[in-house]
Amino acid sequence: MKFSRNAALLCVALAGGLVAACGTDQSASAPEPAVTVDARDDYHPTVREATEGLDGHTVFRPADLDAFPAGSVPVLAWANGGCRTSNISATSFLTGIAAQGYIVIANGAPGEHPIEQLPDDTLARPDRLTDAIDWATDPDTGGAQLGGKADTGKIGVMGTSCGGVEALLAAADPRVKSVAGLNTGFFPRKRFGYERTELNKITAPTLLFNGGDKDQAKQNSIDNFDLLDIPAALVAQETAGHSGLTYGLDAGDTSGPMLIAGYAMVTDWFDYTLHGNAEAKAQFTGADCGLCTKPTWTVRTKNL
């Protein structure tokens, strides 16, 4: 993948399930946005579609898979906030990731609507993520729908809030090579059906993110990071709050830069840990790492 790191904003237009994106320089008179992100020059139009033969999931992928060599597109399985089975609220976020050359398989069918109130005894369901991996790696199901373009050796899991717990649990699957848990972490006592001892089962590089003091998962993310004894990064953005990174919220601003920064950061993580991209790695590592130099962002790492 090619990068153009010029601290420009990306313009993203969603229409009819397709996304187009471009990097544009800000004019001298334009106000400086609260969150700046780096532009890329390899965005792809995308489609959002059902997973044939696998109920309750949605594929976000580049529209023209023929443009990719066989077995070259990494697969990322996504779990929604609240452990919900609807991915509608994360559609823009997941589209932004798919547009950068990833196949994303999200929990929830394309037309499934969010549930406003969940019971207190909600259980995490990591099996939904491993079901997605099973589907993508089976040549007769996902292999056929994806035209043999999925790289089944480069599989990641990701999720937000309760969905982040599901991703951390699914990371115990040896097929998983990278993890991104947003606004999440296991609680000190059993919740969602699991305890912090589950962290011992993770061997893949793991990114944990929190949105600062307004993120109720902030302390869990810190505590979980401290318990990990594997390659890991803890990234914080002090104005994002809980799930602001995936919904595009920045201290009440819904104009979009936070959303773009969110899927740029997550894609950088997978570009680094799945592709070995040195420029993506530099966003997280070193005293002057890319994210380290951005206002309101902080980064801690271990074993990277």
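So the values come out like this:
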{"quantity": "Estimated Rh, the range 46-302: Kirkwood, alpha-carbon pairs, angstrom", "calculated": "17.9"}
{"quantity": "Rg and Dmax [Cα atoms of the range 74-185; Å; Rg one decimal, Dmax integer]", "calculated": "13.3, 41"}
{"quantity": "Candidate lysines - alpha carbon under 18 Å from residue 281, same-chain residues fewer than 8 apart omitted", "calculated": "2, 154, 177, 294, 302"}
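Coordinate-derived values only; no laboratory data. Nothing here was measured: the structure is a model prediction, and the numbers come from that model.
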